[in-house]
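Chemist: Pasting a structure here, questions to come.
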Amino acid sequence: MIFLLQMHCERFICILRILGTTLFGVSLLLGISAAYIVGYQFIQTDNYYFSFGLYGAILASHLIIQSLFAFLEHRKMKRSLETPIKLNKTVALCIAAYQEDPDYLRKCLLSVKRLTYPGVKVIMVIDGNSEDDVYMMDIFSEIMGRDKSATYIWRNNFHHKGPEETEESHRDSMQHVTQLVLSNKSVCIMQKWGGKREVMYTAFKALGRSVDYVQVAIIHLGIDVASQFITDQFCHIGDRFSAPSPSTSAA
């Protein structure tokens, strides 16, 4: 509720700024045009070798106002640079993997290792748990460190039980995955195929509210994750976020 009010306030302020800027620009244009047409002079010499009139006064006022705005913006930027950056938010980086190109996957994970943000949690969920998918988990362990990362081959996922699995064992496996994600900084989970939505659901569901922000990495585009991590806006976990429903599987 509070977030919705903040969004409405920010939108209202943005609209006011747009209207104010537009009105100022139109007023300035009309004023300059009227002053030029009227040609009223405050000061003038014989034969008009030198004159200062309404047209010049409006232009001078415009330059003064623009200079004032530039000065205030420069001072604001200078203060922001002097203010120490607080890196006190917890962040999780989620990687969805499905039959990824080994080179792209390796580059992605090497880029993840270059991140200097303190305490980033890395979760890679592989959409598939067959022998043909094991190479992605091996690459993850190799890059992130076998002694510094946790791996788990899950026979099912959060919404589909494995073969000959009971409700109790399915519930236990979900708790195990959640605990694995919460207690480790780097985790790779292979799960039963369910599509991209199911993969992301696993990461978001296991994280719950344990972190402030979640960043999703894109592997198949070959984008540098370190750059993507900095430039993309985060998806905030809270009242404004819920895990996507896997009912409609994405390719």
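The values are calculated or read from the model by the stated rules, or taken from the named source; none is laboratory data. This structure is a prediction, so every number in the text was calculated from the model and none was measured. When we count neighbours, we look across all protein chains shown, and the Cβ atoms used for this are built from the backbone with ideal geometry, even at glycine. We work out accessible area using only protein heavy atoms, side chains counted, and drop any ligands, DNA or RNA first. Shrake-Rupley method; radii C 1.70, N 1.55, O 1.52, S 1.80 Å.
Chemist: Tell me, please, whether a residue that is open to solvent by 50 Å² or more (accessible area, probe 1.4 Å), in contact with a Ser or Thr (Cβ under 7 Å, 6 or more places away or on another chain) and closer than 19 Å to Leu93 by Cβ can be found in region 152-174. Step through it out loud before you land on a result.
Modeler: Just the residues of region 152-174 that are open to solvent by 50 Å² or more (accessible area, probe 1.4 Å), to begin with: 152-153, 155, 159-161, 163-164, 166-168, 171-172.
Applying the additional criterion that residues be in contact with a Ser or Thr (Cβ under 7 Å, 6 or more places away or on another chain) yields none.
Scanning region 152-174 turns up no residue that is open to solvent by 50 Å² or more (accessible area, probe 1.4 Å), in contact with a Ser or Thr (Cβ under 7 Å, 6 or more places away or on another chain) and closer than 19 Å to Leu93 by Cβ.
Chemist: I'd like the residue in region 105-130 that is assigned to a loop (DSSP other than H, G, I, E, B) and not aliphatic (A, V, I, L, M) and, out of all such residues, is farthest from the chain's Cα centre (by Cα).
Modeler: Once the filter is applied, the top-ranked residue is Ser130.
Quick grid of which residues meet (1) hydroxyl-bearing (Ser, Thr, Tyr); (2) at pLDDT below 95; (3) part of a helix (DSSP H, G or I); (4) under 18 Å from Thr90 (Cα atoms):
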| site | (1), (2), (3), (4) |
| --- | --- |
| Val187 | no, no, no, yes |
| Gly194 | no, yes, no, no |
| Arg197 | no, yes, yes, no |
| Val214 | no, yes, no, yes |
| Leu221 | no, yes, no, no |
| Ala226 | no, yes, yes, yes |
| Ile230 | no, yes, yes, yes |
| Arg240 | no, yes, no, yes |
| Thr248 | yes, yes, no, no |
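Chemist: Turning to a different aspect of this structure: Among the residues of region 159-179, count how many are assigned to a helix (DSSP H, G or I) and touching a residue at least 12 places away in the same chain (Cβ under 8 Å).
Modeler: Total satisfying the criteria: 6.
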